[in-house]
Amino acid sequence: MKLWDIYATMKNDVSYIERELERTVVSDHELLNETTLHLLKAGGKRIRPVFVLLAGKFGTYDLEQLKKVAVPLELIHMASLVHDDVIDDANTRRGSMTVKSKWDNRIAMYTGDFIYGKALTLVTELKNPDIHLILSKAMVEMCLGEMEQIRDFFNTSQSVRQYLLRIRRKTALLIAISCQLGALAAGADRNVSRLLYRYGYNVGMAFQIRDDVLDLIGTESQLGKPPGNDILQGNITLPVLYALQESRLQEPLLKHIDEIRLNNGHSDATEALDLIRYSDGIKIAEQLADRYIQKAMDALAQLPNQRAKRNLKDIAHFIANRNH
């Protein structure tokens, strides 16, 4: 089953969340309306709200309650992307101009801050203190992940462990708590929420590894940006780290990465990409992503049998095989 087939089974609820996203970010400020609506119209998979809604099926499903988790989590994700685009000096995302390229860095940063504020305002309507604690801790971890990424720009000697910790903080945690908080907001059993967290964490790790592989092997039409964008920005991802472990490729690959660094990313990454694609790095990275998917499936296997469980399994398969 394709991701959009799953969404089709939840069409009304997903559409409601989309409307709530727009309603939440609307303000009296004309420029903020322009920037936030530009972000919303750029789209996205809305996978975090979908995880919240599916997790809510394991408890008492109440869309009015679940929106207070689903909308803030998607807003937090959106805000982090706006800030990322400033840090990465990115001009496009999903084939559309970024806020920083259409306006400027200052407008982008304040737009991100505004969206964060709106997210936190909505989630305060939930009275469960555990939800607030989990969310605030995850936001702190996300910031640490961003700082680690900046610290490790062009750091070719970083370990695989450093990379995995970084993507845990930057990506996997928000997906994990989307599953966990959806269950908690629906009053699901604590063990169910823990299993959903484990599922989301492992899916999130696989999602980011697959994303990093796609950046190296995808086309511009698939990615909505040029391939090799990560390496041009100095983001040394898992396939690159594995490629650097191959003695025959280490010296020429280090040379190309250093040239990119010296030119502040204003280089052609083609030769570096060719070396990485020639290596076993992509295959090994994909194998690790598959192991994370299997761990996610192991957590799912312990959950009660229902349609939401089957949908979560289908999403994991989609992530394992996605090409955009």
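Things worth noting here:
- Rounded to the nearest 20 debye, dipole of the range 53-139 from Cβ charges on Lys, Arg, Asp, Glu: 120 debye
- Accessible area per residue in Å² at 1.4 Å probe, computed on the range 217-324: 52 Å²
- Gain on full stretching of the segment that runs from HIS29 to ASP189 - 0.36 nm per residue minus C-alpha separation: 53.4 nm
- Point-charge dipole on Cβ atoms (K/R +1, D/E -1) for the range 1-69, about Cα centre, debye to 20: 380 debye
- Computed over the range 57-121: relative contact order in percent, which uses C-alpha pairs under 8 Å that are six or more apart: 37 percent
- Rounded tilt (10° steps) of 129-151 against the dominant C-alpha axis of the chain: 10 degrees
- Summing charges over neighbours of GLY145, with a neighbour being any other residue whose Cβ is under 10 Å away from its Cβ, gives +1 when K and R count +1 and D and E count -1.
- Neighbourhood charge, 10 Å Cβ-Cβ cut-off, centred on THR156 and excluding it, Lys, Arg +1 and Asp, Glu -1: -1
- Mean separation of Cα pairs under 8 Å and 6 or more residues apart, divided by the residue count, gives the chain a relative contact order of 20 percent.
- Tilt relative to the chain, helix 190-217 - C-alpha long axis, 0 to 90 degrees, to 10: 30 degrees
- Electrostatic tally near THR36: other residues with Cβ closer than 13 Å to its Cβ, Lys and Arg +1, Asp and Glu -1, net -2.
- In this Cβ point-charge picture (+1 for Lys and Arg, -1 for Asp and Glu), the range 201-324 has a dipole of about 800 debye about its Cα centre.
- Length available on full extension from ARG19 to MET97: 0.36 nm per residue minus the Cα-Cα distance, which gives 25.8 nm.
- Pairs from the list LYS67/LYS137; LYS41/LYS283; LYS41/LYS118; LYS255/LYS295; LYS118/LYS170; LYS100/LYS127 with a Cα-Cα gap above 27 Å: LYS41/LYS283; LYS255/LYS295; LYS100/LYS127.
- Accessible surface ranking that places the most exposed of LEU164, LEU181 first, with a 1.4 angstrom probe: LEU164, LEU181
- Portion, in percent, of the accessible area of the chain that falls on carbon or sulfur, probe 1.4 Å: 50 percent
- Å² of accessible area per residue within the range 5-137, as computed with a 1.4 Å probe and no ligands counted: 45 Å²
- Degrees between helix 11-25 axis and first principal axis of the chain (Cα, 0 to 90, nearest 10): 80 degrees
- Förster-model FRET efficiency, 35 Å R0, ARG277 and GLN302, C-beta, rounded to 0.05: 0.35
The values are calculated or read from the model by the stated rules, or taken from the named source; none is laboratory data. If you're wondering where the values come from, they're calculated on a predicted model, not measured in any experiment. Cβ coordinates were reconstructed from backbone atoms using ideal geometry, including for glycine residues, and neighbour counts include every protein chain displayed. Side chains included, ligands, DNA and RNA excluded: accessible areas come from the protein's heavy atoms. Shrake-Rupley method; radii C 1.70, N 1.55, O 1.52, S 1.80 Å.
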